[in-house]
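Colleague: Could you have a look at this structure, given as structure tokens, before my questions?
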Amino acid sequence: MTISKSTSEPETRQEQPAGKAKATGMQRRVLAGGSVGQFIEFYDFTLYGLSAVTLSQLFFPSGSTMAGLLATFATFGVAFLIRPLGGVFFGALGDRIGRRKVLFITLMTIGLATFGIGLLPTYAQIGALAPMLLVLCRLAQGFSAGGESVGAPAFVFEHAPLDRRGFWLNITLAATALPSVFGGTLILVLSSTMSSEDFSSYGWRIPFLLALPMAFFGLWIRAKTEESEVFKEVLRKNEHKEYSPLREALAENKLRMVQVIFVMALTAMGFYFLSGYFVSYVEVSGNLSREQSLLANAVAMACYALLLPLGGKLSDRYGRKTMLIAGSALLALLSMPCFWLVTSGSLPLAIAGQLLFVVPMCVYGGGCYTFFVEIFQTKTRFTSSAISYNVAYALFGGTAPFIGTMLVSATGVAMIPGVYMAVAAAVVFCLLVFTPVPETHPILGSQNRVRFP
């Protein structure tokens, strides 16, 4: 038993008045803008995972399906390697000039990069230049996502009612699951209604080309928003002095940033196993058809989108750290059974395995998605959270599909990625219990209650 004390600064607790005040029109527009941006960003990223088998055949042809998938998922990971650089660049820029302006740039960039993938010639048409161009598009996606993935939650957080931060943040992050449902359904419809030759020739491109009009729609919504009052106050304070968000973030927040890296590493692994890996994993290791794999994943991601806001609502009541501990414990216990079910070769069992995985992910997500922005001060929030969040996603999220595929290839054991996930969850559980990770809830944390751990 330890005393859990909030490390949030006093100004954090004054950002919004307590109570069940009705959300304003501006607050609702910010919530909508943040959610739409998260949908578009993850739509662009998720498409690559959903199309992995097709892309491996068109851009990385080889005699081995597994070798082609390894090359495809290595390119998937490239976008994550550059995300920390995008986080540093856009984070510092967002803390200096505003979240809203940066979010215009990031959304447009990721939309153009995904649209570009839909226009790329294949390996059969231009040879080795095709995968090189694919890598360049992935790098552009990753660089812009380094800002978008954190800027949108930070923007929503600073407008959210104090007692509903967890709920609002998890509504925003729930939008990251819907692209798998929408994209998976779209690919399922296209692949079911087109011949294999037509789908391989041009059908796979259609979902990628839709990214650009989606980006324009997101920009239109964000044009109707404003910066939060608490951030405007930070800008006023720093108006007449030299100010480096990056320098201040590294000087003041090193411990908190390390804590966020470990906390977000687990959800990064879990989310990209769920959204970027399970479709091809079930198809190859579970011996189901592409249509069955897409259907199973779409069901799981729809449930994820429905349950994640509930996790956030529970964190508003019981605290972020409580949800983190419960979620990591459940993931440690359930990951191996989940992966075993997913690769059983049965569609009902594959759906059941993914749903069983979704539940602890939403419990854990109920705490982590608010924790990673709530732990930092307003003046360095974007920079600090962008660096730590994107390092976690680069090291553990972007590599999850590749490591999962490699483990299956090396061992011949279909459910071995579940062991990897369970071990990671156990490590994070121990860190949460035995190290001074704070309770960041602005009310529960400020009361300095005796809490477990």
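Colleague: Quick one: how many Å² of VAL282 are accessible to a 1.4 Å probe, rounded to 10?
Modeller: 0
Colleague: Would you mind working out the accessible area per residue for the chain, using a 1.4 Å probe, and quoting it in Å²?
Modeller: Per residue, the chain has an accessible area of 36 Å².
Colleague: Which is the longest stretch in the chain that no exposed loop site breaks, taking sites as GluC sites (Glu not before Pro) with a DSSP loop state and at most 15 other Cβ atoms within 10 Å?
Modeller: Values: sites that count: GLU226, GLU239, GLU242.
Answer - 1-225.
Colleague: About the Cα centre of the chain, how large is the charge dipole given +1 on each Lys and Arg Cβ and -1 on each Asp and Glu Cβ? Please answer in debye to the nearest 20.
Modeller: Dipole about the Cα centre, nearest 20: 1060 debye.
Colleague: Could you pull out every whole DSSP H run in the chain that spans at least 18 Å of Cα extent along its own axis and averages 0.5 or higher on the Kyte-Doolittle scale?
Modeller: Working: long enough: 25-50 (36 Å, 0.28); 65-81 (24 Å, 1.78); 83-97 (20 Å, 0.53); 99-119 (30 Å, 1.24); 129-159 (45 Å, 0.93); 178-193 (22 Å, 1.54); 254-276 (30 Å, 1.33); 290-318 (41 Å, 0.37); 320-342 (30 Å, 1.41); 347-374 (40 Å, 1.44); 416-434 (28 Å, 2.47).
The answer, listed by residue number, is 65-81, 83-97, 99-119, 129-159, 178-193, 254-276, 320-342, 347-374, 416-434.
Colleague: Of THR440, THR343, THR24, which has the most accessible area with a 1.4 Å probe, and how do the rest follow in descending order? Can you show the working numbers first?
Modeller: Values: THR440 0, THR343 25, THR24 70 Å².
Highest to lowest solvent-accessible surface, that is THR24, THR343, THR440.
Colleague: Given the rule -39500 (n - 2.57) for each run of at least 4 DSSP H residues, summed and divided by the residues of the chain, what is its mean residue ellipticity at 222 nm, to the nearest 500 deg cm²/dmol?
Modeller: It comes out at -24500 deg cm²/dmol, rounded to the nearest 500.
Colleague: Order the following by accessible area, largest value first: ARG320, ARG205. Probe radius 1.4 Å; ligands, DNA and RNA are ignored.
Modeller: ARG205, ARG320
Colleague: A further question follows. Hey, what did the chain get for relative contact order, percent, Cα under 8 Å, at least 6 apart?
Modeller: Relative contact order here is 28 percent.
Colleague: Taking 7 Å along the Cα-to-C-beta vector as the label spot, tell me the ARG28-GLN125 distance in nanometres, rounded to one decimal.
Modeller: 4.5
Colleague: What figure in square angstrom, to the nearest 10, would you give for the accessible area of LYS321 with a 1.4 Å probe?
Modeller: For LYS321, the solvent-accessible surface is approximately 10 Å².
Colleague: Taking the Cα of GLU229, stepping 7 Å toward and past its beta carbon, and measuring to each backbone N in segment 141-166: which are under 15 Å?
Modeller: Once the point is set 7 Å along Cα→Cβ of GLU229, 158-163 turn out to lie under 15 Å by backbone N, inside segment 141-166.
Colleague: What's the tally of Lys pairs in the chain whose alpha-carbon atoms lie under 24 angstrom apart, where the two lysines are 8 or more places apart or on different chains?
Modeller: 27
Colleague: Suppose R0 equals 25 Å; then what is the FRET efficiency for TYR202 and PHE104 from their Cβ-Cβ distance, rounded to the nearest 0.05?
Modeller: On the way: r = 31 Å, r/R0 = 1.24.
Efficiency at R0 = 25 Å is approximately 0.20.
Colleague: Once neighbouring chains are kept in place and the probe is 1.4 Å, which whole percent of the accessible area of the chain is contributed by carbon and sulfur?
Modeller: 70
Colleague: Can you give the net charge of the other residues whose Cβ lies under 15 Å from the Cβ of LEU173, counting K and R as +1 and D and E as -1? Could the numbers behind the result be given before it?
Modeller: Working: positive: ARG164, ARG165, LYS313, ARG320; negative: GLU41, GLU148, ASP316, GLU374.
Residues close to LEU173 contribute a combined charge of 0.
Colleague: Something else now. From the protein chains alone at 1.4 Å, what is the descending order of accessible area for ARG29, ARG256, ARG247, largest first? Numbers along the way, then the final one.
Modeller: Working: ARG29 95, ARG256 45, ARG247 135 Å².
I get ARG247, ARG29, ARG256, largest accessible area first.
Colleague: Which value, in Å² and to the nearest 10, is the accessible area of LEU139 when all protein chains are kept and the probe is 1.4 Å?
Modeller: 50
The values are calculated or read from the model by the stated rules, or taken from the named source; none is laboratory data. Not measured: the values here are computed from a predicted model. Note that each Cβ is placed from the backbone with ideal geometry, even for glycine, and that neighbours are counted across all protein chains shown. All accessible areas refer to the heavy atoms of the entire protein, side chains included, with ligands and DNA or RNA removed. Shrake-Rupley method; radii C 1.70, N 1.55, O 1.52, S 1.80 Å.
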